[in-house]
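Read the figures in this text as sums done on the coordinates, not as results from a lab. Just so it is clear, the structure is predicted and the values come from calculations on it, not from any experiment. No Cβ is skipped: glycine too gets one built from the backbone with ideal geometry, and neighbour counts run over all protein chains shown.
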Amino acid sequence: MTERPFVEVNDLRRVFDVSKPWLNRVLEGGEKQYLKAVDGVTFNIAKGETFALVGESGSGKSTVARMVVGLLPPTSGEVTIDGVSMSNAADAAERRRLRRRIQMIFQDPYASLNPRWTVGRIIAEPIRAFSLIEGEKDIAARVGELLSFVGLHPADGAKYPHEFSGGQRQRVAIARALASDAEFIVCDEPTSALDVSVQAQILNLMRDLQDRLGLTYLFISHNLAVVRHMASRIGVMYLGRIVEVSEGRELFTSPKHPYTRMLLDAVPDVGMTGRQRIPVQGEIPNPINPPAGCTFNPRCPLANERCTAEIPPLRSGVACHAVQEGRLAPHIAA
Amino acid sequence: MAETLQMAPADMPAPTSRIGRFLDSDVWASFTRSKLTMLAAALTFVFIAMAVFAGVFAPQNPFNPAELDLLNSRMPPLWDEMGQAPFLLGTDEQGRDIFSAILYGLRISLLVGFLGVAFSATLGITLGLVAGYIGGAVDAVIMRIADIQLTFPAILIALLVDGVAKAVLGGHLDEIMTLSVLVFSIGLSFWVQYARTVRGSVLVEKNKDYIAAARLIGLPAPVIMLRHILPNVLGPVLVIATINLALAIITEATLSFLGTGMPETMPSLGTLIRIGNNYLFSGEWWIVAFPGIALALLVLAINLLGDWLRDALNPRLR
Amino acid sequence: MREGRETMSVPVLSVRDLRVEFVTRRGTLKAIDGVSFDIAKGEVLGVVGESGAGKSVTGSAVIGLIDPPGRIAGGEIHLSGLRIDNLPPEEMRRVRGRRIGMIFQDPLTSLNPLYRVSEQLVETIRTHTNLSASAARKRAIDLLAEVGIPAPDKRIDSYPHEFSGGMRQRVVIALALCAEPELIIADEPTTALDVSVQAQIIALLKRLGREHGTAIMLVTHDMGVIAETADRVAVMYAGRIAEIGPVRDVVQNPLHPYAQGLMGAIPSLEADAQRLVQIPGAMPRLSAIPPGCPFNPRCPHAFDRCKVERPEAIQHAEHRVACHLYDQSPARTEAVA
């Protein structure tokens with residue numbers, strides 16, 4: 001890779017203060033408590049690529065998404081998009097210009113659209129905010145164009161969000177994301193609130209738009225099959241860290257990290273291939289009090305003493321001592 | 001008609017296209033189902049109409065000394081054998097027609113009520129929005145003040161503010177100044193409920209993703225608060241405003257009854273009751289009874305509307 | 001084997017031509033319109049469908065929890081031969097506690113946060129059996145062990161909030177098992193759980209059906225869960241069963257065009273697809289179910305008859321499918337998928 005990647009995320013961390021209120025701490029005792037939601041996450045996304053972060057609840061994937069778009073300030077680390085730092089004060093002016101090019105699609109299409117606004121006004125808001133088009137007539141024309149772009153009728157702009165189904169609302173949200181001619185769209189579980197047949201419509205639409213407009217996606221999901229369908233590269237997150245990064249298909253044919261393997265084994269098998277699988281053990285530990293060393297060690301069949309003491313670094317795509325020491329038996333591929 | 005008037009602030013800021021939408025809504029359906037609510041709305045509407053058009057409905061202008069005749073003083077109501085037209089509900093000591101006085105008094109009471117509600121709602125909504133959206137120390141300060149104020153009865157605060165205002169502005173105030181002080185003191189004593197409710201709703205709304213989407217395109221906080229959050233937190237405010245309208249009218253009546261409210265030269269219902277109170281034991285019961293009944297009916301009707309509105313707008317009770 | 005048993009004995013649950021309506025001021029909505037199915041002893045029937053298909057309402061109807069404005073407008077529900085859809089509420093409550101167990105999506109709705117798990121389990125056991133308090137407690141510990149809660153003798157005295165989501169769902173399953181019910185209705189039991197926990201709960205449900213002979217009605221939107229757990233599956237669409245049959249057949253060789261579309265729409269971990277199969281449009285709202293076959297506006301194979309005549313369920317190999325394409329009568333066209 002010679003040129004600089006479009007999106008660079010470098011050692012991103014985010015700590016939340018989850019302590020009880022001050023008065024309760026004084027009266028009941030107890031220390032301040034911190035939750036490391038994201039703990040040293042690094043990845044790059046090339047232009048026109050779909051990079052996915054997959055993980056279970058509490059893995060910190062949505063927190064990463066919010067930091068990347070700038071909704072949440074990172075505790076440390078840096079996000080750089082097209083060479084502009086999202087946190088460096090010196091880049092403030094350029095960051096304002098960058099903002100137009102970054103958009104987000106949210107999980108719940110019932111909460112991501114203002115219920116008191118017409119769909120047309122919702123889609124027009126970014127156009128107005130960035131003064132992309134002058135004149136009400138031209139804005140209305142552009143809104144109509146965007147609506148038909150995502151498979152809705154231009155006349156639908158006069159309706160309110162509650163008049164649409166979940167899938168149609170998500171189309172409206174996509175139209176809003178496209179309204180400012182965004183190039184980079186962060187999708188936070190965009191289809192997990194939708195039914196499968198509607199999910200297929202939305203995923204197809206998102207891929208079509210990527211092909212037509214050359215969009216770059218950061219795709220957040222808990223659904224491995226959806227991620228496999230959408231992403232060119234995938235990062236697997238567990239308790240705030242990326243445990244494995246891999247080219248899309250490779251993650252599924254030759255998963256390396258024990259957690260990835262366990263996760264793949266846990267996915268219900270629609271194909272009913274009757275594949276061999278290891279029974280899943282345990283649950284995700286409390287993120288306020290994560291295990292020392294590799295956070296996966298209490299559930300890991302390969303854990304040894306080193307795993308309970310040292311945090312494994314991400315090396316050639318895997319953060320696992322067992323893999324790096326060659327203790328890992330080759331996986332019986334699915 | 002009365003009904004649409006009551007509902008207008010909630011659902012129909014814009015005309016035509018929304019009227020059909022509204023007539024089809026669950027709120028309207030629950031309204032037409034409840035006979036009591038329709039009666040209360042009709043009553044409220046009649047009261048408001050009579051107050052607004054007091055000059056048309058009243059046989060005399062009770063504030064115009066030229067229309068008063070001492071010979072007509074202390075007349076009983078019309079149905080009493082001593083009664084005399086056109087004094088439907090009798091007259092007071094100065095020959096003032098009680099019915100006319102009630103209409104004009106109603107006008108003052110409703111005016112103070114509406115203005116007091118508008119003032120307290122504006123203050124409360126603004127503080128609630130700011131506290132909820134900005135959070136942190138700003139939130140803590142605003143809400144602690146609210147907590148402290150809640151430990152005092154509203155009437156006490158109104159009395160206090162009223163007293164302070166009069167002391168600051170000098171001993172004798174004209175009618176308009178008195179009215180302004182009343183609105184101000186009632187407003188200050190009722191803002192807490194709006195602020196708390198709005199803050200609660202804001203805390204819910206501001207975590208919804210449509211706010212994140214608005215922040216993402218760089219809208220400043222005041223714009224997000226006004227354009228996005230405010231319209232979504234007004235539902236509960238409307239309920240409080242309706243119930244508080246009744247409370248404000250009662251508070252004003254209480255202040256006037258205690259003598260710190262509207263003067264006899266521009267009496268509200270409370271002032272009329274205070275005046276009439278003096279004649280209660282000398283047999284002229286109508287001077288106090290009819291203003292009292294009017295006040296009770298008005299407050300009851302508005303409260304019934306408020307109760308219904310609370311149920312109708314609460315999806316869990318529907 | 002199973003077919004033999006089904007014909008030999010009375011099914012645990014038998015639903016015949018069930019209709020559920022919701023009366024609103026805008027008219028009567030048919031949420032369930034003529035649904036029939038059986039569940040045999042030890043069998044897991046998966047009921048799958050998208051939101052609005054009526055799968056949860058079907059479950060609620062079986063346990064007698066349709067509240068006004070909803071009502072059962074027709075049909076019969078039999079539990080091991082006993083008709084239960086018209087029982088008085090008091091008797092139905094007893095049936096529900098003793099003979100039908102329930103597991104819901106959110107385990108917190110089934111557990112009282114103010115009582116220890118032990119109290120809730122022991123109380124339920126003693127309501128339905130005449131065990132002594134200490135025997136009931138022992139049984140409760142056994143149940144917790146059976147659903148896979150580690151150190152059950154210690155955890156039993158915890159409060160519900162002290163368990164994690166997956167463990168809480170296990171407690172709910174233990175609670176549902178207390179009275180050794182013949183039938184368990186599980187409504188989206190794994191939807192709120194993470195994949196790794198979901199797999200454990202699925203395995204648990206499967207084992208329970210096998211070991212206790214409990215019939216399970218598993219309501220979910222997740223085809224993967226159904227494929228893993230169920231013996232037979234009913235695919236619902238707009239308040240009707242589009243197709244019902246052995247799970248392997250329905251998943252790998254669906255007959256109804258809706259079921260075909262649904263299977264194709266699921267992204268797979270194995271197969272590569274540039275585009276997913278997509279069914280155009282969306283499930284109709286209850287107020288606007290089209291006449292004839294409710295799927296006809298979205299169906300790629302629809303013909304004239306589909307727009308006017310409602311398809312009845314037709315036996316086709318081991319499936320029953322409600323689609324005119326499989327009608328063997330003369331009116332049938334040659335357009336079979």
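Odds and ends about this structure:
- If the chain linking B:Arg144 and B:Leu36 were pulled fully straight, counting 0.36 nm for each residue of separation and taking away their Cα-Cα distance, it would gain 34.9 nm.
- The H on the amide N of A:Val186, modeled in the peptide plane, is under 5 Å from the matching H of A:Gln103, A:Met104, A:Ile105, A:Leu218, each at least 5 residues off or on a different chain.
- Structure remark: mean-square fluctuation, Gaussian network model of chain B, C-alpha springs under 10 Å; the largest value among B:Val130, B:Val204, B:Val237 belongs to B:Val204.
- Between A:Arg212 and A:Asn289, the simple label model (points 7 Å from Cα in the Cβ direction) yields a spacing of 5.3 nm.
- Cut-off of 10 Å, at most 13 other beta carbons, DSSP loop: longest stretch of chain B lacking such GluC sites (Glu not before Pro): B:82-263
- Hull shadow area, averaged, chain A [alpha-carbon convex hull, nm²]: 20.7
- For chain C, built as a Gaussian network whose Cα springs stay under 10 Å, the top-fluctuating residue of C:Ser36, C:Ser132, C:Ser56: C:Ser132
- What separates the Cα centres of region C:30-106 and region A:138-185 is a distance of 40 Å.
- Pairwise centroid distance, computed over Cα atoms, of region C:234-259 with region B:64-122, Å: 77
- Cα-only radius of gyration and Dmax that characterise chain B, units Å: 22.4, 77
- Pairs with C-alpha atoms separated by more than 21 Å, drawn from the list A:Lys61/C:Lys55; C:Lys55/C:Lys307; C:Lys30/C:Lys55; A:Lys32/A:Lys61; C:Lys138/C:Lys206; A:Lys36/A:Lys256, are A:Lys61/C:Lys55; C:Lys55/C:Lys307; A:Lys32/A:Lys61; C:Lys138/C:Lys206; A:Lys36/A:Lys256.
- Counting other Cβ atoms within 10 Å as a rough exposure proxy, the listed residues B:Ile145, C:Ile141 run B:Ile145, C:Ile141 from fewest neighbours to most.
- Applying Stokes-Einstein at 25 °C and 0.890 mPa s to the Kirkwood radius of region C:222-286, computed over alpha-carbon pairs, gives a translational diffusion coefficient of 194 µm² s⁻¹.
- Region B:20-175: mean projected area of Cα convex hull, nm²: 16.0
- Estimated FRET transfer efficiency (B:Glu264, B:Val27; beta-carbon r; R0 41 Å; 0.05): 0.45
- Relative to the compact-globule estimate of 2.2 N^0.38 Å, the Cα radius of gyration of region B:184-318 comes out at 1.48.
- Neighbour counts of other Cβ atoms within 10 Å put A:Tyr110, B:Tyr104 in the fewest-to-most order A:Tyr110, B:Tyr104.
- The alpha-carbon atoms of chain C, seen along their principal axes, cover 68, 49, 45 angstrom, with the largest extent given first.
- Counting DSSP beta bridges with both ends in chain A, the antiparallel % (nearest 5): 55
- Counting other Cβ atoms within 10 Å as a rough exposure proxy, the listed residues B:Phe57, B:Phe99 run B:Phe57, B:Phe99 from fewest neighbours to most.
- Multiplying the residue separation of B:Leu71 and B:Val204 by 0.36 nm and removing their Cα-Cα distance gives an extension gain of 41.4 nm.
- Calculated FRET efficiency, C:Tyr159 to A:Lys20, Cβ-Cβ distance, R0 = 30 Å: about 0.95 to the nearest 0.05.
- For the Cα trace of region C:46-181, dividing Rg by the Kirkwood Rh returns an Rg/Rh value of 1.01.
- Coil-residue GluC sites (Glu not before Pro) of region A:1-99, DSSP, other Cβ within 10 Å capped at 16: A:Glu3, A:Glu31
- Taking chain C and dividing mean pair separation by its residue count, relative contact order in percent (alpha carbons under 8 Å, at least six apart): 20
- Charge dipole magnitude, Cβ of K and R +1, D and E -1 - region C:70-211, Cα centre, debye nearest 20: 280
- Sites C:Ala135 and A:Tyr34, calculated FRET efficiency, Cβ-Cβ separation with R0 56 Å, nearest 0.05: 0.75
- Restricting the trypsin sites (Lys or Arg not before Pro) of region A:4-39 to loop positions (DSSP other than H, G, I, E, B) with no more than 11 neighbouring Cβ atoms within 10 Å leaves A:Lys32.
- Among the trypsin sites (Lys or Arg not before Pro) within region C:1-105, those in coil by DSSP and having at most 11 neighbouring Cβ atoms inside 10 Å are C:Arg25, C:Arg26.
- Calculated on the alpha-carbon coordinates, the convex hull of region C:112-176 measures out at 72 cubic angstrom per residue.
- Region B:23-84 - convex hull of alpha carbons, volume per residue in Å³: 123
- Candidates C:Gly34, C:Gly52, C:Gly292: whichever shows maximal mean-square fluctuation once chain C is modelled as a Gaussian network with Cα springs under 10 Å: C:Gly292
- Region A:122-218: proportion of alpha-carbon pairs further apart than 18 angstrom, %: 46
- Taking amide hydrogens as placed 1.01 Å from N in the peptide plane, the amide H of C:Ala31 sits under 5 Å from those of C:Val20, C:Glu21, C:Phe22, each at least 5 positions away in sequence or on another chain.
- Reduced Cα scattering model of the protein assembly as shown, Debye log10 I(q)/I(0), q = 0.10 Å⁻¹: -1.31
- Kirkwood Rh in Å, taken over region A:101-160 so that all alpha-carbon pairs contribute: 12.2
- Each principal axis of region A:13-116 carries a Cα extent, and these read 53, 37, 30 Å when sorted largest first.
- Looking at the protein assembly as shown alone, DSSP beta bridges between its own residues are antiparallel in about 60 percent of cases.
- For chain B, adding -39500 (n - 2.57) for each run of n ≥ 4 DSSP H residues and dividing by the number of residues yields -23000 deg cm²/dmol at 222 nm.
- Relative contact order, whole percent, for region A:149-307 stands at 14, derived from Cα pairs under 8 Å and 6 or more residues apart.
- Relative contact order of region C:92-245, defined on C-alpha pairs under 8 angstrom at six or more residues apart (%): 26
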